Amino acid sequence: MKNIALHTTHVNLGAKMVPFAGYNMPVSYKGVTTEHLTVRNGVGVFDVSHMGEFLISGKNALALIQKVTSNDASKLEIGDAQYSCFPNEDNGIVDDLICYRIKENTYLLVVNASNIEKDWNWIFKYNEKFGADLRDLSEDYSLLAIQGPKAVEAMQPLSSLDLAGIPFYKFKIGDFAGIENVIISATGYTGSGGFEIYCKNSEVEQIWNKVFEAGSSFGIKPIGLAARDTLRLEMGYCLYGNDIDDTTSPIEAGLGWITKFTKDFVNADALAKQKEQKPERRLVAFELNDRGIPRQGYDIVDGNGNIIGNVTSGTMSPSLGKGIGLGYVPRVFAKSGTQIHIQVRKKAIPATVVKLPFYKNL
């Protein structure tokens, strides 16, 4: 297991540390519900420094990115970020990612920690044709996510940049907490506002300390990965390894909006055909109608008890006070309002297919 730069800090704060994607990571401090509501109502800080960062540069950087990702990176201006995925050659997804355009011919790809090596090898394979400059910065950089409706107000004293002026999926590079050339990105994973801070490992302790000093009067708290999961699920954001993986297509997963057929990319023809013919199954969101907690792997059944799918993500929503989840079902069951059942142990609990997000009080 690897340790992130602030490992000792988290241990001293009383974090419950667990192995995750090859790293020892803080999963919780004071409990999932408390931490979840801290972010929904105030401001909290996640250390997600296990994430991977690849720098792609050179005259063919864009051409390479266009080939290996599903979204259209040619639309990016400097200062833009874009959600995308790496389609594989078999109608699945290698990983999902965020692409940042840093300079004219320089891009930063942020990938999931569990897929760093797999993603690097995938990009490297296709780069034989393009010859772009690839650098894996994952071991050198830390990433803090400062999230919640009070995040901007609490953190503004730490930067000369106008933090409120950074729109969703935009970023700026500037000073933060006494450190220069920090990436400040409005690409949060919680649905409650805020931003993410990319800095060098040698800088993250200073930034962490100043963040908590600035946020003390706002009730700022450290938040673990467990609350990050419940927060993202309330928004219906996909989690790689749960809702999307090597066997799920972006069309099935409802990610057609990041799959642009105006360009050539890996497996584009097959995915275009699937979109035209409509996939046989779809990822749907559901809410339980009775008490119960859906969990990953639970069966989804019809009114006669026939298994029609499985839960990919599920939890008791701290914000809504009800069981919510995502799962794949045949297309005939995918329409909003459709009644399904979730098999929780020996009981089939009725549930309703709903439109995302679950949490709408933005």
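The values are calculated or read from the model by the stated rules, or taken from the named source; none is laboratory data. Please read all numbers here as calculations on a predicted model, not as lab measurements. Using ideal geometry, Cβ is built from the backbone for each residue, glycine included, and neighbour counts are taken over all protein chains shown.
Once region 203-213 is narrowed to residues that are surrounded by fewer than 20 Cβ atoms within 10 Å (Cβ to Cβ) and not acidic (Asp, Glu), the residue that is farthest from LYS150 (Cα to Cα) is GLN206. Residues that are of a type in the set (A, V, I, L, M) and within 18 Å of the chain's Cα centre (by Cα) were ranked within region 33-67; the one that is nearest to TYR240 (Cα to Cα) is MET51.
Considering only residues that are of a type in the set (Gly, Ala, Ser) and over 17 Å from TYR237 (Cα atoms), look in region 71-100 and name the one that is surrounded by the most Cβ atoms within 10 Å (Cβ to Cβ).
Applying the first criterion (of a type in the set (Gly, Ala, Ser)) to region 71-100 yields 73-74, 79, 81, 84, 92.
Going one step further and asking which of them are over 17 Å from TYR237 (Cα atoms), we end up with 73-74, 79, 92.
Details: ALA73: 23, SER74: 13, GLY79: 15, GLY92: 18.
Once the filter is applied, the top-ranked residue is ALA73.
Mind checking which residues of region 162-202 are surrounded by fewer than 18 Cβ atoms within 10 Å (Cβ to Cβ) and either outside the structural domain of ILE223 (by TED's automatic domain parsing) or basic (Lys, Arg) (or both)? Listed by number, the residues that qualify are LYS170, LYS200.
May I ask you to list the residues in region 6-52 that are charged (D, E, K, R) and closer than 15 Å to SER138 by Cα? Break it down stepwise before answering.
Step one: list which residues in region 6-52 are charged (D, E, K, R), which gives 16, 30, 35, 40, 47.
Answer for region 6-52, where residues must be charged (D, E, K, R) and closer than 15 Å to SER138 by Cα: just ASP47.
Across region 17-60, the qualifying residues are those that are under 18 Å from VAL211 (Cα atoms) and of a type in the set (Ser, Thr, Tyr), and the one among them that is surrounded by the fewest Cβ atoms within 10 Å (Cβ to Cβ) is TYR29.
Condition check ((1) of a type in the set (Gly, Ala, Ser); (2) out of contact with any Pro (no Cβ under 7 Å at 6 or more places or on another chain)) across all residues:
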position: SER138; (1), (2): yes, yes
position: MET155; (1), (2): no, yes
position: LEU161; (1), (2): no, yes
position: LYS172; (1), (2): no, yes
position: ASP175; (1), (2): no, yes
position: GLY191; (1), (2): yes, no
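Would you confirm whether any residue within region 261-282 is under 26 Å from VAL39 (Cα atoms) and out of contact with any helix residue (DSSP H, G or I) (no Cβ under 7 Å at 6 or more places or on another chain)?
no
Listed by position, the strands (runs of 3 or more DSSP E) inside region 239-331 whose residues that are in the same structural domain as LYS347 (by TED's automatic domain parsing) and among the polar types (S, T, N, Q) number at least 1 are 307-316.
Out of curiosity, is GLU153 among the acidic types (Asp, Glu) and in the same structural domain as ALA227 (by TED's automatic domain parsing)? Don't jump to the end; show me each part of the working.
Working: among the acidic types (Asp, Glu): yes; in the same structural domain as ALA227 (by TED's automatic domain parsing): yes.
Against the criterion (among the acidic types (Asp, Glu) and in the same structural domain as ALA227 (by TED's automatic domain parsing)), GLU153 qualifies.
Within region 231-243, residues that are buried (at least 24 other Cβ atoms within 10 Å of the Cβ) reach partners that are in a helix (DSSP H, G or I) with beta carbons closer than 8 Å, at six or more positions or on different chains, in the pairs LEU231/HIS36; LEU231/VAL39; LEU231/ARG40. Within region 258-270, take every residue that is under 13 Å from THR69 (Cα atoms) and not polar (S, T, N, Q) and give me the one that is surrounded by the fewest Cβ atoms within 10 Å (Cβ to Cβ). Filtering first and then ranking leaves ASP264.
For region 244-271, residues that are free of Cβ contacts under 8 Å to residues at least 24 places away in the same chain and farther than 19 Å from LYS335 by Cα total 2. Scan region 327-352 for residues that are surrounded by fewer than 12 Cβ atoms within 10 Å (Cβ to Cβ) and either of a type in the set (Asp, Glu) or touching a residue at least 60 places away in the same chain (Cβ under 8 Å) (or both) and the total you get is 0.
Can you find even one residue in region 167-175 that is closer than 22 Å to LEU64 by Cβ, touching a residue at least 12 places away in the same chain (Cβ under 8 Å) and in a strand (DSSP E or B)? The answer is yes; a qualifying residue exists. Here is a check on your reading of the model: is PHE212 in contact (Cβ under 8 Å) with a residue 12 or more places away in the chain and either under 19 Å from the mean Cα position of the chain (by Cα) or in a helix (DSSP H, G or I) (or both)? For PHE212, the condition - in contact (Cβ under 8 Å) with a residue 12 or more places away in the chain and either under 19 Å from the mean Cα position of the chain (by Cα) or in a helix (DSSP H, G or I) (or both) - is met.
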